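Taking it in order: structure first as structure tokens, then the write-up.
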Amino acid sequence: MTATTAARTARPPSAASRGESDSARRAVVRGKEFLRKGQASAARDQFLKAARVEPRQPLHWLLLAQCEHKLGQPELAIQHLNRAWQLHQGDAEVCQLLADFLLESHRHTEALAVLDGLQAEVVRSGKWHLAKAKAQLALLDFESTVRSCSSALALAANDPVMKKQALQGMGHGLMKFGGHAEAAWCYRMLLDDNPLDFGAALCAAHASSWACDWPGLADDFERLRLCIAHVDSTRQRPVTGKSPFPLITLTDDPEILHWAARLTYQEHCAGLQPVRHRTTLKVPRPGGKVRLGLMSSDFHVHATSILMAEFLESVDRDRFELHFYSGGPDDHSALRARVQRTATRWTETGDLSTAQLVARIREDQIGVLLDLKGYTLGSRMDVLAHRPAPLQVAWLGFPGTAGAPSLDYFIGDPVTTPLEAQPHFTECLAQMPHCYQPNDSTRTLPTAPTRSQCGLPEDATFVFASFNMSYKIVPEVFAAWCQILEATPGSVLWLLVQQAPARERLRAAAVQHGLDPQRLVFAPFLSGELHRARLPLADLCLDTFPCGGHTTASDALWAGVPVLALMGQSFASRVAGSLLHALDLPELACTDIDQYIQSAVTLAQDPAVHQTINSRLGSARTRSPLFDGRRFARDFERLVLRMVARQDAGLPPAPLAAEPAPG
């Protein structure tokens, strides 16, 4: 029963109340007429009058809420819908609208409670299931997301929009708990319906990469190429996805990556009017300090927090304050507690609407807002579009340009972001002097287990390793690994691939290259400390391409294991190269596949060369700036203050080349 039908079936009113009903009815009629004319403010006044006359009539609150939403007042709209909902929890229309408004405001837990509160006898629509899936996905309940999307898909036979949303949600949910091959088919079904769905083409290829389904990947990549070519030739805007990240794992072409990022930003900001950068705004300094805002959903056991912890502890509190805007879960870990101890102020943002979070950041007088997410899970590009801070900076969370005019700077370094790369970034490049990546010198290095404890053959002549995720393993690089193994008898390749079907596909690929599949050894996923303990059992880590290791690479180097990198043109393909340059090991950063293969073979076959590299790495671990969080903090502060100085001088953002530390 809806609010409208509830009004029709109410019991007959008394004589006294009939006058009130007539007054309310006339107000509703006038309000609807104003709405028809596009006069939402006048309509709101009429619906408010009706609600005051008949406060127990859900329809009046529903109409009032719709008006408030049109007028850009989402909080008032939610308040009015809550009144209607409390009056009649069997009203599917009110339930749906209230859940949708709550989801728009990022209040996912409340939305789920409302949806679950719909009376049991009321039929659940496809839209109800989709709203539930959206809340579940945001709350990281991926299996429930898939079930809800499956229910919506079953009801979407004649509704192409619902079918698309259900397939998208099902694909995203399947990806998150390991159903990569199944997810690929969801995205392919979307492509069958719309070959211009660039986001679906990207996601299909990414899912195939995760599954190590390389025949499927070849087909998916071809459909992606045709999609891009069609858009280029017709200038027709494609359907984009929520993130261009999958493309970063497939190509290092900076022009294509920049193009995809710009399209994604346009979709994220659809319906918004992004605020332009204003050079007239000074950077506030309450109490004489610059307030740094750090916005992320990864302040728990996550690579971002692992890397940042010592840096955060080392920031100069006489000049800076740290304000955290945390949209992720509280895992009650020691790492999260360590990060929280560095905060001047900590704000949970998971259930804050765009407007609420923008207002909070402005109230906090943030001078420099650091976005640590980009387009990864938990992105708040909507907030950045409103420019709540005078300076907004991309750093660490997303390995490439966001294509977002709302971001003023992108923090890199001379290797990941040489100034010649500026045309491929919407943001101005700002270079750290050594490496953009912070590291924690207090990380433990536990005693290593034995080879047999880790499933490695005791008699292996050399242990190559690659602990990057399976989606980063592309056929061309795997073929190079097979050549390396073939040239180094007795060696093995140690891989971190979780899903059994993906492991079997890699073994089959090894056989096709003429290798015994037993030379591939698969490691289980372990906690950070246990993972670092086993790393020294590897003799050489082989980096992936075009998306190389980031935290994975620095973990190996911290453990004293050399990393052999293959650098391309994109940021993501140059991270390991940056780490190696910071450690004064540039010869391990290769620029073509032949050099990569030959270097790996030489290191495996010549113990003296390998030992020399190990010794240099061992010395660099303690004296290099790469593993000095305190030194990184000083360099970072100087770079931020250069941005602030330009802003305070009324100058627009500009590329900032690396400068050596004074003295």
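Tabulated values for the structure
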{"quantity": "Residue among 119, 168 that is in a helix (DSSP H, G or I) and either open to solvent by 10 Å² or more (accessible area, probe 1.4 Å) or without any contact (Cβ under 8 Å) to a residue 12 or more places away in the chain (or both)", "calculated": "168"}
{"quantity": "Count of the range 422-455 residues which are assigned to a loop (DSSP other than H, G, I, E, B) and either among the aliphatic types (A, V, I, L, M) or open to solvent by 10 Å² or more (accessible area, probe 1.4 Å) (or both)", "calculated": "17"}
{"quantity": "Residue in the range 191-198 that is buried (at least 21 other Cβ atoms within 10 Å of the Cβ) and touching a Pro at 6+ places or on another chain (Cβ under 6 Å) present", "calculated": "yes"}
{"quantity": "Hits in the range 120-143 - residues which are of a type in the set (A, V, I, L, M, F, W, C) and over 24 Å from the mean Cα position of the chain (by Cα)", "calculated": "120, 122, 123, 128"}
{"quantity": "Test: residue in the range 188-208 that is within 20 Å of residue 267 (Cβ to Cβ), at pLDDT below 95 and aromatic (Phe, Trp, Tyr)", "calculated": "yes"}
{"quantity": "Residues (touching a residue at least 40 places away in the same chain (Cβ under 8 Å) and open to solvent by 40 Å² or more (accessible area, probe 1.4 Å)) located in the range 89-103", "calculated": "93"}
{"quantity": "Filtered residue count, the range 46-60, keeping only those that are assigned to a helix (DSSP H, G or I), open to solvent by 20 Å² or more (accessible area, probe 1.4 Å) and either more than 16 Å from residue 79 (Cα to Cα) or in contact with a helix residue (DSSP H, G or I) (Cβ under 7 Å, 6 or more places away or on another chain) (or both)", "calculated": "5"}
{"quantity": "Considering residues of the range 523-554 that are without any contact (Cβ under 8 Å) to a residue 60 or more places away in the chain and open to solvent by 10 Å² or more (accessible area, probe 1.4 Å) only, the residue farthest from residue 469 (Cα to Cα)", "calculated": "527"}
{"quantity": "The range 601-651, residues that are of a type outside the set (D, E, K, R), open to solvent by 50 Å² or more (accessible area, probe 1.4 Å) and in a loop (DSSP other than H, G, I, E, B)", "calculated": "649, 651"}
{"quantity": "Test: residue 581 is of a type outside the set (D, E, K, R), in contact with a Ser or Thr (Cβ under 9 Å, 6 or more places away or on another chain), surrounded by fewer than 23 Cβ atoms within 10 Å (Cβ to Cβ) and assigned to a helix (DSSP H, G or I)", "calculated": "no"}
{"quantity": "Test: residue in the range 236-251 that is assigned to a helix (DSSP H, G or I) and open to solvent by 30 Å² or more (accessible area, probe 1.4 Å)", "calculated": "yes"}
{"quantity": "Residues of the range 399-421 classified as within 23 Å of residue 659 (Cβ to Cβ) and either in a strand (DSSP E or B) or open to solvent by less than 40 Å² (accessible area, probe 1.4 Å) (or both), total", "calculated": "13"}
{"quantity": "Meets criteria (in contact (Cβ under 8 Å) with a residue 60 or more places away in the chain, over 26 Å from residue 598 (Cα atoms), of a type outside the set (Asp, Glu) and buried (at least 18 other Cβ atoms within 10 Å of the Cβ)) for residue 502", "calculated": "yes"}
{"quantity": "Any hit, the range 255-268, residues being over 30 Å from residue 216 (Cα atoms) and under 21 Å from the mean Cα position of the chain (by Cα)", "calculated": "no"}
{"quantity": "Residue 412 vs. criteria more than 30 Å from the chain's Cα centre (by Cα) and not β-branched (Val, Ile, Thr)", "calculated": "no"}
{"quantity": "Some residue of the range 74-88 being under 12 Å from residue 27 (Cβ atoms), part of a helix (DSSP H, G or I) and open to solvent by 10 Å² or more (accessible area, probe 1.4 Å)", "calculated": "no"}
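The values are calculated or read from the model by the stated rules, or taken from the named source; none is laboratory data. Since the model is a prediction, treat every value here as computed from it, not as a measurement. Counting neighbours? That spans all protein chains shown, and the Cβs are built from the backbone with ideal geometry, glycine included. In case anyone asks, the SASA skips ligands and DNA or RNA and just uses the protein heavy atoms, side chains included. Shrake-Rupley method; radii C 1.70, N 1.55, O 1.52, S 1.80 Å.
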